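Visitor: Have a look at this one.
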There are 2 protein chains.
Amino acid sequence: MKNIYIIGVGLIGGSLALDIKKHDHKVKVFGIDHNENHLEEAIQLNVIDAKATYEDLKNADLVILSIPVDAAVNEIRKVLDLVSDDALVVDVGSTKAEICKAIEEHPKRRNFLASHPIAGTEFSGPKAAILGLYQNKTNIICEVEKTAFKLQEQALKLFSDLGMRIRYMNPEAHDKHIAYVSHLSHISSFMLGKTVIDKERNERDIFDMAGSGFASTVRLAKSSPEMWTPIFKQNKANVLETLDEFIINLQKFREFMHEDDFEAIYSEMKNTNHIKDILNGIQ
Amino acid sequence: MKNIYIIGVGLIGGSLALDIKKHDHKVKVFGIDHNENHLEEAIQLNVIDAKATYEDLKNADLVILSIPVDAAVNEIRKVLDLVSDDALVVDVGSTKAEICKAIEEHPKRRNFLASHPIAGTEFSGPKAAILGLYQNKTNIICEVEKTAFKLQEQALKLFSDLGMRIRYMNPEAHDKHIAYVSHLSHISSFMLGKTVIDKERNERDIFDMAGSGFASTVRLAKSSPEMWTPIFKQNKANVLETLDEFIINLQKFREFMHEDDFEAIYSEMKNTNHIKDILNGIQ
C-alpha cells in the first residue's frame, strides 16, 4: 500500500495514521476532514503527510473511514463509488449493523471491510492521536466473507502490524454485545457526572472531596457528544435493553438498602467481585 | 511520637504505616488485627515492625483505627478507655457522623480526631499497602475543635508530613457530600458490573470486546464488600438520596432515547462535559 486516505483525522483515524506511518516509512498518508483546522493541526503534528479531497480517492490503496457513525453511513457509499477496483475501504465505527446494511447492495461491496477496533480514550481531535494505541487491542471484524479475499489479507496484515488481535462477529451480535461492554458504561458515566454536578451548583466545595474512584467512574463523561449521540441513535434498541437492566439492578440495590437488608447488599457486591478476573485481561 | 499502633493492617492502615516509617526511622509501628495472617504478612512485607494487642495500647503515642466503619464505632470506645491521657487516637473511616456520636460523651473525647483521608484503591489487605498513597490527597477532618489543641497539632504535622491537604467539615456535611463523590460511584460500578456479568452467563465471548472504558467504570466493583456494606448501612439516608437522583437521571436519559429525542441526549452529554475541569484537580 502506497497511498492511504484517512477520512476523519481525530483520535481514532489520527492514531491509525501515526501507527501506519511508523510501520512503513514509504506510505503517504492523506487526511480528509470537513474541519480545516483539524487538517492543519494533523499536518503540524505529523499525523498526516498532506490533506486531500474526495476527488483524490481514486488514487487510494486504502481508505479508512473514521467519522461519527451517522456520517459514516452516508459517506461510505460515496467513498465506494469513487475508489478504484483494487482499493480497500475500512470503517472503524462503534456500531456495525447500519453501515453493513447501507452498502449491502453496493457494486463495490467486496472492497469494504467493517471493523471496530476496541481502543480509544475520552479525548478527541488530532491532538488526541496516540502512537501505539492499538497495541494488544481487540479488533472486531464483521461479515469478513463479503470482502474480497485479497483485500481481507491486506487488512489482516495491517491490523496484525499494528498489534491487534482479531475477533469475527456478525454485525447484529456486535451491536448487541458492545452495548453492554461499552455504550452502557458511557451513559452510566455521563449520568453519574450529571447527578454530582447538579448537586454541586449549591455546594461548590464537594469536589475537593472527590478521589480517584470518582474520577475513574466519571472519566467517560468527558467523551464527545458529537461522536456518541449517533452511536446511541443507531444502537437504540440494544442500548435501551442494557439501560433497562442497569436501572432495574440499581432499583433492587436501592430496595435492599431501603429495607435494611444489608445481607443482600453484601451478596450483591460479593457476587460481582469476580469482575476482577474478567478485567485482568483488559487493562 | 515513638510508639504507633495501627488497628486494622489493610490498604489504608498499612499505607499509613509505610509512610510514617519512611518519614521517621525512630518510630516503632505495631499492628493489631483480628486476622493473624494479615499480621504475619504485614511483618514480612515490612509494613509493621511487630504485632501487638489491646493491652499494649497504654504505651501508644498514636493509635490509628483503620477497620470497617461498623467495627470502628464499637472499637473506638474500647481504645479510648485503654490509651494514656497524652495519646492521640485517629480514625480514618469513610463515614463520620456515627463515630463522632459514639464518643461524644467519652471522658477521653479530646484524645480523638475524626479524619477521612480520600485515598485508596480497589484492593485490600496488607499486600495492597502503598508507599506514598497519601501524597497530594485530601484529608477531611471533622469536629477539630473537640480534639485537644496539642494533639491537633501532632495530627496536623503527621498529615502534612505525609503530603495531605486538610479540609475541615462537620460530620453530617461530610457524610452527605461523600455519598455523592464516593459512595454512589461504588454502587454504580457494582451494578454496572452485575448487569454485564448477568448477560455474560450466556455469552462468554463478550468480555473480549471490553475496552479500557468499561474497565474504568467497573474498577470499583472489585472493592471489598466487608468494607462497603457497613459504609452503606451507616450512611443509608444520604446514599439513598444520591441513588434516587442517579436513577431518575438514568430514567430521563432512557425516556429521551425511547422518544427519539436525540437533541436532548446530546444536551445531556454536552452539559456534563465540563466534568473535565472538575476532574483536572483530582487525578
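Visitor: Of all residues in the range B:102-116, count the ones that are crowded, with 23+ Cβ neighbours inside 10 Å and either in contact with a Phe, Trp or Tyr (Cβ under 7 Å, 6 or more places away or on another chain) or at pLDDT below 95 (or both).
Guide: 0
Visitor: OK, next. Of all residues in the range A:219-233, how many are more than 7 Å from every other protein chain (Cβ to nearest Cβ) and either at positive phi or assigned to a helix (DSSP H, G or I) (or both)?
Guide: Final tally of qualifying residues: 4.
Visitor: Hey, could you check the range A:237-270 for residues that are over 14 Å from B:Val196 (Cβ atoms) and among the hydroxyl-bearing types (Ser, Thr, Tyr) and say which is farthest from the other protein chains (Cβ to nearest Cβ)?
Guide: The residue in question is A:Ser267.
Visitor: Since A:Met209 meets every condition but one in (1) over 18 Å from B:Glu259 (Cβ atoms); (2) more than 7 Å from chain B (Cβ to nearest Cβ), which condition does it not meet?
Guide: (2)
Visitor: So, one more: Whether any residue in the range B:201-218 is touching a residue at least 24 places away in the same chain (Cβ under 8 Å) and assigned to a helix (DSSP H, G or I) is what I want to check.
Guide: Yes; the residues of the range B:201-218 include at least one that is touching a residue at least 24 places away in the same chain (Cβ under 8 Å) and assigned to a helix (DSSP H, G or I).
Visitor: Of the residues B:Asp85, B:Asp91, which single one is touching a Lys or Arg at 6+ places or on another chain (Cβ under 8 Å) and away from chain A (no Cβ under 14 Å)?
Guide: It is B:Asp85.
Visitor: Among the numbered criteria (1) in contact with a Ser or Thr (Cβ under 6 Å, 6 or more places away or on another chain); (2) among the basic types (Lys, Arg); (3) farther than 29 Å from B:Met191 by Cβ, which single criterion is violated by A:Lys146?
Guide: Result: A:Lys146 passes all but (1).
Visitor: So A:Ala179 ticks every box in (1) buried (at least 21 other Cβ atoms within 10 Å of the Cβ); (2) within 7 Å of chain B (Cβ to nearest Cβ); (3) at pLDDT 95 or above but one. Which box is left unticked?
Guide: (2)
Visitor: From the list B:Glu172, B:Glu145, pick out the single residue that is in contact (Cβ under 8 Å) with a residue 60 or more places away in the chain and within 22 Å of B:Lys101 (Cα to Cα).
Guide: Checking each option against the conditions leaves just B:Glu172.
Visitor: Sticking with this one: Do we find that A:Lys127 is crowded, with 19+ Cβ neighbours inside 10 Å, on the phi < 0 side of the Ramachandran plot, among the charged types (D, E, K, R) and in a helix (DSSP H, G or I) in this structure?
Guide: In short, no.
Visitor: Just checking, which of A:His116, A:His106 is under 13 Å from the mean Cα position of the chain (by Cα), not in a helix (DSSP H, G or I) and not polar (S, T, N, Q)?
Guide: Unique residue meeting the criteria: A:His116.
Visitor: What tally of residues in the range A:140-171 results from selecting those that are crowded, with 21+ Cβ neighbours inside 10 Å and assigned to a strand (DSSP E or B)?
Guide: 4
The values are calculated or read from the model by the stated rules, or taken from the named source; none is laboratory data. Please read all numbers here as calculations on a predicted model, not as lab measurements. Here Cβ is always computed from backbone atoms with ideal geometry, including for glycine, and neighbour counts include all displayed protein chains.
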